[in-house]
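Right, one structure below, let's go through it.
The values are calculated or read from the model by the stated rules, or taken from the named source; none is laboratory data. Please read all numbers here as calculations on a predicted model, not as lab measurements. Cβ placement follows ideal geometry from the backbone for every residue including glycine, while neighbour counts extend to all protein chains displayed. Each accessible area value is taken on the protein alone, full model and side chains, heavy atoms only, with ligands, DNA and RNA left out. Shrake-Rupley method; radii C 1.70, N 1.55, O 1.52, S 1.80 Å.
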There are 2 protein chains.
Amino acid sequence: MLTFIGLGLYDERSITVEGREALADADRAVAEFYTSHLVGASVEELESYHGIDIEVRDRAGIEQHPGDLLDAAADEHVAFLTAGDTMISTTHVDLRLRAMERGIDTRVIHGVTAQTAASGLTGLQNYRFGKAVTLPFPYAHGAEGLPASVVESIGANRERGLHTLVYLDIKADRGEYMTADVAAAMLAEDWADVLGVAVARAGSPDPVVAADRLSALAERDFGDPLHLLVIPGDLHHVESDALATLGDAPAEVLGENER
Amino acid sequence: MLTFIGLGLYDERSITVEGREALADADRAVAEFYTSHLVGASVEELESYHGIDIEVRDRAGIEQHPGDLLDAAADEHVAFLTAGDTMISTTHVDLRLRAMERGIDTRVIHGVTAQTAASGLTGLQNYRFGKAVTLPFPYAHGAEGLPASVVESIGANRERGLHTLVYLDIKADRGEYMTADVAAAMLAEDWADVLGVAVARAGSPDPVVAADRLSALAERDFGDPLHLLVIPGDLHHVESDALATLGDAPAEVLGENER
């Protein structure tokens, strides 16, 4: 049996009760922290809290060599752990399909996602978000400026009055996490005066939400990772009030987005 | 202090460990189950599991008369509970803002949302979803046929190759939950041959995923609520494999969406 368990966003207590019980019931636990990771708990803290050894695998260990993991799941109850929700990544969907092909029982125990937190912490309504984008580091993207797909998606959402969630690049193996000020500076090349919302440490006890023009957010420091950025579209009045109260947005900037 | 706690999708164990601890720490618990509710646990079961009395309020008790709730939160630790995530509804964002205006400390403990589950269970990638829509009962909508906004949003997403999550109407006070077959029949008026994915009982131990043309889904019975419907856009090959394996999608229908 292979149980995919989302650990949620922050520390060892961000998992659901159901997930915790399934993990306690597992014979073996395997985790990957290259797509995201928990800022509030080390692997040792997770192991001690849940009373189980956790084998952390890198990308190659999951994507290219999943054979022994599937072999183990054919005989034992294996828990597969990631930060957030396990099915956010195509790789993990692929792992589930391979397990099912081999007749292995699979189960998904969902975790809280950055998308849920970004909407909840900013007060921006989740059904008013359009397609999300990921902003890569320039060296990873391999060219100057913003990727055309990012510009196109944000532009198409703005045209329809929709918000855009911007995931920020993570290179966990290099310890590099793009921060919201860096992301705002990159986006300010095209949209300096446009309203943005930085969200730092979503899911933690001290999340930060800050709303201002992208050029202004680019000058700020939002502290420790992980960060996200939201580019709001048209604002409903409660959304506008929320950005003023929760994110200290200047009234004249909000006014430009109110409909 | 006012702590907003999302209970997650299914039963008393869908809450996060952090949420459970905060609820145990609260002096009073207030819940609303009119925007959604837990199918797998009654209020009595929640009360017994968490060891706290839960006062369930209707819409008027939250939206029009939140005064005594805010009075209580000024003196005591009040937990405000909803199914899924608490901040999905504008009303609850408004409640948080009112509390902050009165100088009351607030905190949000996120819950797993239907959006996360719909993406995770179907294998459709979350960053390939466009704007979500809600399909209302015809009597609630007050007109024949589909609301223009629903048709427009699904059409705009399809044009961009994006998936659409269709939330199905809930009238909890009347015990009415729109099922995926009814929703598929409504959408089949415009899109009979289009691929749809029904998701029943997301977050429960026995979720059902079924992918087929909307006209075919309209003839099926997916059992107990809650249900969701997804209208996929262009399919990546892993997404296509996932709908075949997880949702028994006919190959010829998938072929029309593969890009």
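For n ≥ 4 DSSP H runs only, could you compute -39500 (n - 2.57) per run for the protein assembly as shown, divide by its residues and tell me the 222 nm figure to the nearest 500?
Numbers: 24 runs with 200 residues, N = 518.
Only helices count here, giving -10500 deg cm²/dmol.
Check each of the GluC sites (Glu not before Pro) in region A:59-112 and keep only those in coil by DSSP with at most 13 other C-beta atoms within 10 angstrom; list them in order.
When the GluC sites (Glu not before Pro) of region A:59-112 are filtered for loop state and at most 13 Cβ neighbours within 10 Å, A:Glu76 remain.
What does the charge count near B:Ala72 come to, summing +1 for each Lys or Arg and -1 for each Asp or Glu among other residues with Cβ under 9 Å from its Cβ?
Values: positive: B:Arg28; negative: B:Asp27, B:Asp68, B:Asp71, B:Asp75, B:Glu76.
Computed value for this residue: -4.
Among bridges DSSP assigns within the protein assembly as shown, what percent are antiparallel (round to 5)?
Numbers: 35 of 79 bridges.
If we restrict to bridges inside the protein assembly as shown, about 45 percent are antiparallel.
Can you pull out the GluC sites (Glu not before Pro) in region A:104-159 that DSSP calls coil and that have at most 16 other Cβ atoms within 10 Å? Before the final figure, lay out the partial values.
Details: sites: A:Glu144, A:Glu152, A:Glu159; in loops: A:Glu144.
For GluC sites (Glu not before Pro) across region A:104-159 that sit outside H, G, I, E and B with at most 16 neighbouring Cβ atoms in 10 Å, the list reads A:Glu144.
Please state, as a whole number in µm²/s, the translational diffusion coefficient that the Stokes-Einstein equation yields for region B:84-131 at 20 °C and 1.002 mPa s, with Rh defined as the Kirkwood radius across alpha carbon pairs.
Numbers: Rh = 12.7 Å.
Translational diffusion coefficient: 169 µm²/s.
So which lysines can B:Lys171 reach, going by Cα to Cα under 18 Å and dropping same-chain residues fewer than 8 places off?
Straight-line reach from B:Lys171, under 18 Å: no lysines qualify.
Quick one: putting +1 on the C-beta of Lys and Arg, -1 on the C-beta of Asp and Glu, what dipole do you get for the protein assembly as shown around its Cα centre, in Debye to the nearest 20? Each step should come with its number before you reach the end.
Numbers: 38 positive and 88 negative charges, 175 e Å.
Value, rounded to 20: 840 debye.
Would you kindly derive the ³J(HN,Hα) couplings of region A:67-76 from the backbone phi angles with the Karplus curve 6.51 cos²θ - 1.76 cosθ + 1.60 (θ = phi - 60°), listing them in order in whole Hz, with x for Gly and Pro?
Each residue's phi maps through the Karplus curve to give x, 5, 5, 5, 4, 5, 5, 6, 9, 10 Hz.
If each Cα of the protein assembly as shown is one equal point scatterer, what is log10 of I(q)/I(0) from the Debye formula at q = 0.05, 0.09 Å⁻¹?
Normalising to I(0) and taking log10 leaves -0.18, -0.61.
Considering only protein heavy atoms, what is the solvent-accessible area of B:Met1 at a probe of 1.4 Å, reported in Å² to the nearest 10?
70 Å²
Assign unit charges at the C-beta atoms only (+1 for Lys and Arg, -1 for Asp and Glu), then state the dipole size of region B:144-218 relative to its Cα centre in Debye, rounded to the nearest 20. Intermediate values should be presented prior to the final figure.
Details: 6 positive and 12 negative charges, 50 e Å.
Here the size comes out at about 240 debye.
Taking each pair of different alpha-carbon atoms in region A:106-190 once, compute 1/r for the pair, average those values, and report the inverse of that mean as the Kirkwood hydrodynamic radius in Å to one decimal.
Numbers: mean 1/r = 0.0696 Å⁻¹.
Computed over region A:106-190, the radius equals 14.4 Å.
Just checking the output field for B:12-22: average partner chain Cβ neighbours within 10 Å of each residue's Cβ?
Working: counts 2, 8, 6, 3, 14, 11, 12, 5, 4, 1, 1.
Whole-number average of other-chain Cβ neighbours for B:12-22 is 6.
If the label for A:Gly255 sits 7 angstrom from Cα along the Cα-to-Cβ line, what are its distances to the same label in every other copy, in nm to one decimal, shortest first?
Those separations, rounded to one decimal, come out as 5.9 nm.
Can you tell me how much longer the chain between B:His236 and B:Ala24 gets when fully stretched, taken as 0.36 nm per residue apart minus their C-alpha distance, in nm with one decimal? Provide the component values of the computation, followed by the final result.
Working: separation 212, 0.36 × 212 = 76.32 nm, distance 4.41 nm.
Answer, rounded to one decimal: 71.9 nm.
With only Lys, Arg, Asp and Glu charged, each at its Cβ (+1 for the first two, -1 for the last two), find how big the charge dipole of region A:213-259 is about the Cα centre; round to the nearest 20 debye. Write down the numbers at each step before the final one.
On the way: 3 positive and 10 negative charges, 18 e Å.
Computed about the Cα centre, the dipole is about 80 debye.
From the P(r) of region B:172-259, could you give the percentage of C-alpha pairs in the tail past 14 Å? Spell out each step's value before the answer.
On the way: 2329 of 3828 pairs.
When every Cα pair of region B:172-259 is considered, 61 percent fall beyond 14 Å.
Any idea what angle helix B:180-191 forms with the longest principal axis of chain B, computed on alpha-carbon atoms, 0 to 90 degrees, nearest 10?
The helix B:180-191 is inclined about 50 degrees to chain B.
Considering only DSSP beta bridges whose two residues both sit in chain B, what percent are antiparallel, to the nearest 5? Don't skip to the end; give the middle numbers.
Details: 17 of 39 bridges.
In chain B, DSSP labels about 45 percent of beta bridges as antiparallel.
What net charge is computed for the residues neighbouring B:Ile231, neighbours being all others with C-beta under 14 Å from the C-beta of B:Ile231, Lys and Arg scored +1, Asp and Glu -1? Write down the numbers at each step before the final one.
Values: positive: B:Arg128, B:Lys131, B:Arg158, B:Arg160, B:Arg213; negative: B:Glu152, B:Glu159, B:Glu189, B:Asp190, B:Asp193, B:Asp212, B:Asp234, B:Glu239, B:Glu256.
Net of charged neighbours comes to -4.
If I histogram all Cα-Cα distances within region A:111-155 using bins 10 Å wide from 0, what percent of pairs lands in each bin?
For region A:111-155, the binned pair fractions read 23, 40, 30, 7 percent.
Please compute, over every Cα-Cα pair in region A:215-259, the percentage with a separation greater than 14 angstrom.
On the way: 543 of 990 pairs.
Roughly 55 percent, once rounded to a whole number.
Note down the nm distance, to one decimal, between modelled labels 7 Å out along Cα→Cβ at B:Tyr139 and at A:Arg59.
Each label point is offset 7 Å from its Cα along the Cβ direction, giving 5.4 nm.
Report the FRET efficiency, 1/(1 + (r/R0)^6), for B:Ala72 and B:Asp173, where r is their Cβ-Cβ distance and R0 is 22 Å, rounded to 0.05.
Values: r = 24 Å, r/R0 = 1.10.
Using R0 = 22 Å, I get an efficiency of 0.35.
Once the other residues with Cβ under 12 Å from the Cβ of B:Ala60 are scored (Lys, Arg +1; Asp, Glu -1), what is the net sum? Before the final figure, lay out each step's value.
Numbers: positive: B:Arg57, B:Arg59; negative: B:Glu32, B:Asp58, B:Glu63, B:Asp173.
With Lys, Arg at +1 and Asp, Glu at -1, the neighbours total -2.
Post the alpha-carbon centroid distance, region A:66-97 to region B:42-70, in whole angstrom.
That distance is 38 Å.
Relative to the other copies, what are the label-point distances for A:His237, with labels 7 Å from Cα along the C-beta vector, expressed in nm at one decimal and sorted shortest first?
For A:His237, the inter-copy label distances come out at 5.3 nm.
If you build the convex hull over the alpha carbons only and average its shadow over all orientations, what do you get for region A:30-72? Give it in nm² to one decimal.
Values: hull surface 13.2 nm².
Averaged projected hull area, Cα only: 3.3 nm².
Work out how much length B:Asp190 to B:Ser42 would gain on full extension: take 0.36 nm times their residue separation and subtract the Cα-Cα distance, in nm to one decimal. Spell out each step's value before the answer.
Working: separation 148, 0.36 × 148 = 53.28 nm, distance 3.82 nm.
Stretched fully, the B:Asp190-B:Ser42 segment lengthens by 49.5 nm.
Pick out, from A:Ala79, A:Met100, A:Tyr49, the residue whose Cα sits farthest towards the positive end of the charge dipole of region A:34-155, with +1 on the Cβ of Lys and Arg and -1 on the Cβ of Asp and Glu.
Value: A:Met100.
Considering only DSSP states other than H, G, I, E and B, which GluC sites (Glu not before Pro) in region B:161-259 qualify as loop sites with at most 15 other Cβ atoms within 10 Å? Could the numbers behind the result be given before it?
Values: sites: B:Glu176, B:Glu189, B:Glu219, B:Glu239, B:Glu252, B:Glu256, B:Glu258; in loops: B:Glu219, B:Glu256.
Taking region B:161-259 and a limit of 15 other Cβ atoms within 10 Å, the loop GluC sites (Glu not before Pro) found are B:Glu219, B:Glu256.
For Cα pairs less than 8 Å apart in space and 6+ apart in sequence, what is the mean separation divided by the residue count of chain B, i.e. the relative contact order in percent? Provide the component values of the computation, followed by the final result.
Values: 505 pairs, mean separation 50.1, N = 259.
The normalised contact order for chain B reaches 19 percent.
What percentage of the solvent-accessible surface of the protein assembly as shown, computed with a 1.4 Å probe over protein heavy atoms, is contributed by carbon and sulfur atoms?
Working: 8890 of 19770 Å².
Percent of accessible area from carbon and sulfur atoms in the protein assembly as shown: 45.
Taking each residue of A:84-95 in turn, how many C-beta atoms of other protein chains fall within 10 Å of its C-beta, and what is the average?
Counting other chains' Cβ atoms within 10 Å and averaging over A:84-95 gives 5.
Above 18 Å lies some portion of the pair distances; for region B:107-258, what is it as a whole percent of all C-alpha pairs? Before the final figure, lay out each step's value.
Values: 6238 of 11476 pairs.
Distances greater than 18 Å cover 54 percent of the Cα pairs.
Running Debye on region B:157-214 with equal point scatterers at the Cα sites and no solvent, what base-10 log of I(q)/I(0) appears at q = 0.22 Å⁻¹?
Each listed q corresponds, in turn, to -1.00.
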